[in-house]
Amino acid sequence: MLFVALLLIFTLLAALASRCGAAGLASWPARMRLALAVALLLIGMDHWLTPQRYLAMMPPYLPWHMELVLFTGACEIAGALGLLWTRTRRLAGGLLALYFVCVFPANLHNALHGLNVDGLPSVQWYYWLRLPFQPLIIIWTLYAAELLRQPFSHSAKQ
């Protein structure tokens, strides 16, 4: 849920920057894309700086826990950078959406079996509450990468 909070905070800051005249942030997808990129960069770097936090989240049925933690951090960083370039935006968005689908089983495992990680609540309901946010993050990613359009926008009617 920290990730969703970061998305919301950074999007609101991007909207504020847009109102103050920041170029390139006129549309909601652009604001959401910047927020997603910044959040992914922060979380991805945290995978590398404090991998022990993420090691505790790894389900026992997966091999190479440290390697997977570092790989997922690298995926988040690469996806964030890919979102920032027009030429790679759509590819990065599609791959990030797939990535968020792939990490869902680990989130489900944590909800089913509990988790004790420094910096996160130790109550099990927290991990159940996180699960419904995964589809929201996927939709956010697809919209920010301009793979989805607003259902009632003028461009959707044409």
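The values are calculated or read from the model by the stated rules, or taken from the named source; none is laboratory data. Keep in mind the model is a prediction, meaning the values are calculated, not measured. Using ideal geometry, Cβ is built from the backbone for each residue, glycine included, and neighbour counts are taken over all protein chains shown.
Between a residue in the stretch 74-90 that is surrounded by fewer than 19 Cβ atoms within 10 Å (Cβ to Cβ) and any residue that is of a type in the set (Val, Ile, Thr) and not in a helix (DSSP H, G or I), which pairs come within a Cβ distance under 9 Å, given they are 6 or more apart or on different chains?
What qualifies is 81/88.
Starting from residues that are in contact (Cβ under 8 Å) with a residue 60 or more places away in the chain and among the basic types (Lys, Arg), keep the ones in the stretch 1-60 and report whichever is nearest to residue 105 (Cα to Cα).
Ranking the qualifying residues of the stretch 1-60, first place goes to 53.
Looking only at the stretch 114-128, how many residues end up being out of contact with any Phe, Trp or Tyr (no Cβ under 9 Å at 6 or more places or on another chain) and without any contact (Cβ under 8 Å) to a residue 60 or more places away in the chain?
Selection size over the stretch 114-128: 6.
Restrict the check to the stretch 107-127 and report whether at least one residue is closer than 21 Å to residue 45 by Cα and within 15 Å of the chain's Cα centre (by Cα).
yes
One line per residue, one yes/no per condition, for (1) in contact with a Phe, Trp or Tyr (Cβ under 7 Å, 6 or more places away or on another chain); (2) modelled with pLDDT of 95 or more:
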| position | (1), (2) |
| --- | --- |
| 69 | yes, yes |
| 72 | no, yes |
| 88 | no, yes |
| 92 | no, yes |
| 100 | no, yes |
| 103 | no, no |
| 111 | yes, no |
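Could you list, in sequence order, all residues of the stretch 119-145 that are among the β-branched types (Val, Ile, Thr) and farther than 28 Å from residue 94 by Cα?
Of everything in the stretch 119-145, just one residue is among the β-branched types (Val, Ile, Thr) and farther than 28 Å from residue 94 by Cα, namely 123.
Would you pick out the residues in the stretch 129-144 that are surrounded by fewer than 13 Cβ atoms within 10 Å (Cβ to Cβ) and in contact (Cβ under 8 Å) with a residue 12 or more places away in the chain?
If the condition is that a residue be surrounded by fewer than 13 Cβ atoms within 10 Å (Cβ to Cβ) and in contact (Cβ under 8 Å) with a residue 12 or more places away in the chain, then 136 is the only one that fits.
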